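The values are calculated or read from the model by the stated rules, or taken from the named source; none is laboratory data. Bear in mind the structure is a predicted one, so any value in this text is a computation, not a measurement. All Cβ positions, glycine included, derive from the backbone under ideal geometry; neighbour counts span all protein chains shown. The protein model used for the area step is the full one, side chains on, heavy atoms only, and it has no ligands, DNA or RNA in it. Shrake-Rupley method; radii C 1.70, N 1.55, O 1.52, S 1.80 Å.
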Amino acid sequence: MQIDQIMQQAATAYEQYKNIPPLQRAAFLETIGVEITARREALVKTAGEETNLPMARLNGEIVRTTTQLQKFADLIKEGSWVEAVIDTTPNIRRMLLPVGPVVVFGASNFPFAFSTAGGDTASALAAGATVVVKGHPAHPRTSQLMFEAIQAAIVQSGMPAYTVQHVTGDYHTGKELVVHPNTTGVGFTGSQQGGKALCAYAAERETPIPVFAEMGSVNPVVFLPQALETRSAELADMFATSITLGAGQFCTNPGLLIGLESPAFTAFQQQLGIALEKTSPQKMLHPGIHSAFLEGRSRMLASQDVTLSPAPVLDFDASAVRPSLALTSGAAILANPALKEEVFGPHALLVACKDKAELLAVLRSLKGQLTTSVMATEEDLAQWQEVIDVQVTLAGRIILNAAPTGVEVCAAMIHGGPYPATTDARFTSVGTAAIRRWVRPVCFQQFPEALLPDELKTANPRGIWRLVDNQFTR
Ligand code: NAP
């Protein structure tokens, strides 16, 4: 089908869908969850064949996907997310309303939770936007099966037929979707190259639109001295697990491990190397990601300032990879920005800095990140406050004494960060605050009660929290 026809259908469906009461929209999201669960076995089997991800991970991801849908359903049932504000004199009332049809690009590394019925789709549907999904080309059958679950929910819930549509194709199709005049926003998870290309298409349009692209990062971790002296073995195990989780194919994978040159840092390097060597080889998601990983890692290791640690680790066979750890100095990474680039896969670079000033300089030299972590004791924190100060400017999520992999779907989560981690650091792609990407504030001035949305009526029929004459009330 022609993209133009798809986007016309998305716009027509939007005219109806945006007026569907929140409780019915919530029931629709819940029904999608039920339909996904009913197809769980087939979804897991198909995704296993298409992505090489293990069954346990895929089963867990199904639960994450249905939980995500339920959380957005709960959010819109409760209703206060619309941020209703009422000033009675003069009579001006504001709330958040959906933007229109949006386009979602499925991610390769989350075939369920960030693909066809994933977080971007769930948050857009919760907001009242209609969705056109471009399925990721690496798992087309999984994407189609997931779309069938959504279609069944559309029919059962009596939603407009084209509330969600599913398209496949190459990058020309992606471009057509982004530049179509009916598209009002884009959600994307993937490479920097891909995210930047979509932004460029959006900027070329007669009416520019936001592209919410999550493009990954190296997630720098700082290991402060006392933490390393007291528990380097424990930290080595924690980070070996984190580096190899999902064959390293997470946007929160810890790629840069920074500390001070010291016997404790050397011990940590050795312990981490040993822990990594014990892990099993893993197949990557698709041949493109596999070869990009090998090339990226070779490029990094070709630098004369980088050494493999503790011993060269060779690839197991043509389709599986083993993790690796490399070592460089603070001075080298400051002189060579290429060492700060993401190598998407199970690989990390240790950075040994000569003193505190160099460590802070390394942190300050980094581009925007999704996460940054610090391993520290209370005494470390008291002596290294500057590290936290820099980290707050660097990333959307700052983590104390835990690994960055594992992103909770909750109200407070920020999975976003300064460019180039994402294209707009004000928003998150994980957690219920992700709904804010698909809405805009609208104010109604001098409107009679009968013409106001329920959320703004004086009697507050939805019983939501509102700011009325500068007082929070319900
Ligand atoms: P990708 O190449 O960025 O592709 C993701 C989606 O964007 C696909 O649907 C792709 O469609 C589309 N796309 C990419 N470039 C485009 C362009 N110029 N114009 C229009 N559409 C475009 O991501 P990937 O295939 O998942 O993996 C490639 C690399 O991305 C990885 O090696 C890794 O470095 C990175 N990655 C990052 C994350 C993250 O968490 N941020 C997740 C996965 C991958 P077509 O293929 O049809 O063009």
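Rank by packing, highest mean first: peptides 3-16, 96-109, 142-155, 447-460, with packing defined as the count of other Cβ atoms within 10 Å averaged across residues.
Values: 3-16: 18.3, 96-109: 24.8, 142-155: 20.6, 447-460: 13.8.
Descending packing order for the listed peptides: 96-109, 142-155, 3-16, 447-460.
Got a number for carbon plus sulfur as a percent of the range 221-400's accessible area, 1.4 Å probe?
56
Please give every one of the lysines within straight-line cross-link reach of Lys356, meaning a C-alpha to C-alpha distance under 22 Å, and leave out same-chain neighbours fewer than 8 residues apart.
Lys356 reaches Lys340, Lys367.
Just how large is the dipole of the chain about the Cα centre, in debye to the nearest 20, putting +1 at every Lys and Arg Cβ and -1 at every Asp and Glu Cβ? Write out the running numbers ahead of the final one.
Details: 36 positive and 43 negative charges, 148 e Å.
With Lys and Arg at +1 and Asp and Glu at -1, about 720 debye.
Residues of the range 88-105 with amide nitrogen under 13 Å from the 7 Å Cα-to-Cβ point of Gln446?
90-92
Under 8 Å for C-alpha pairs, at least 6 residues apart: give me the relative contact order for the chain, rounded to a whole percent.
Values: 988 pairs, mean separation 87.0, N = 474.
18 percent.
Explain nothing, just compute: Karplus ³J(HN,Hα) = 6.51 cos²θ - 1.76 cosθ + 1.60, θ = phi - 60°, for every residue of the range 173-179 in order, whole Hz, x for Gly and Pro.
Computed from phi, the couplings for the range 173-179 are 4, x, 5, 4, 5, 5, 7 Hz.
Show which lysines lie in cross-link reach of Lys175 when reach means a straight Cα distance below 21 angstrom and same-chain residues fewer than eight apart are skipped.
Hits, sequence-local ones excluded: Lys134, Lys196.
For the range 221-400, what is the accessible area per residue in Å² when the probe is 1.4 Å? Numbers along the way, then the final one.
Working: 7390 Å² over 180 residues.
I get 41 Å² per residue for this part.
Mind ranking 201-207, 71-77 by how tightly packed they are, going by the mean number of other C-beta atoms within 10 angstrom, highest first? Could the numbers behind the result be given before it?
Numbers: 201-207: 12.6, 71-77: 20.3.
Result, highest mean Cβ count within 10 Å first: 71-77, 201-207.
Please report how far the C-alpha centroid of the range 191-231 lies from that of the range 351-373, rounded to the nearest whole angstrom.
Between the Cα centre of the range 191-231 and that of the range 351-373, the gap is 17 Å.
Return the loop-located trypsin sites (Lys or Arg not before Pro) in the range 265-312 (DSSP other than H, G, I, E, B) with at most 15 other Cβ atoms within 10 Å of their own Cβ; answer none if there are none.
On the way: sites: Lys278, Lys283, Arg297, Arg299; in loops: Lys278.
Qualifying residues, ordered by number: Lys278.
How big is the chain in terms of Cα radius of gyration and Dmax, in angstroms?
In order Rg, Dmax, the Cα atoms of the chain give 23.7, 75 Å.
Place +1 on the Cβ of every Lys and Arg and -1 on the Cβ of every Asp and Glu in the chain, take the dipole about the Cα centre, and give the residue among Val164, Tyr17, Asn52 whose Cα lies farthest towards its positive end.
Tyr17
With every protein chain present, what is the per residue accessible area of the range 66-122 (1.4 Å probe, Å²)?
Values: 1500 Å² over 57 residues.
For the range 66-122, the per-residue accessible area is 26 Å².
Provide the net charge surrounding Arg141, with neighbours chosen by a C-beta distance below 9 Å and charges set as Lys +1, Arg +1, Asp -1, Glu -1. Please list the in-between numbers first.
Details: positive: none; negative: Glu49, Glu50.
That works out to -2.
Straight-line reach from Lys18: which lysines have a Cα under 19 Å away, not including same-chain ones fewer than 8 places off?
Partners found: Lys77, Lys457.
How would you order 80-93, 346-359, 118-131 from highest to lowest mean count of nearby Cβ atoms within 10 Å? Walk me through the numbers before you get to the answer.
On the way: 80-93: 16.2, 346-359: 21.4, 118-131: 28.4.
Peptide ranking by packing, descending: 118-131, 346-359, 80-93.
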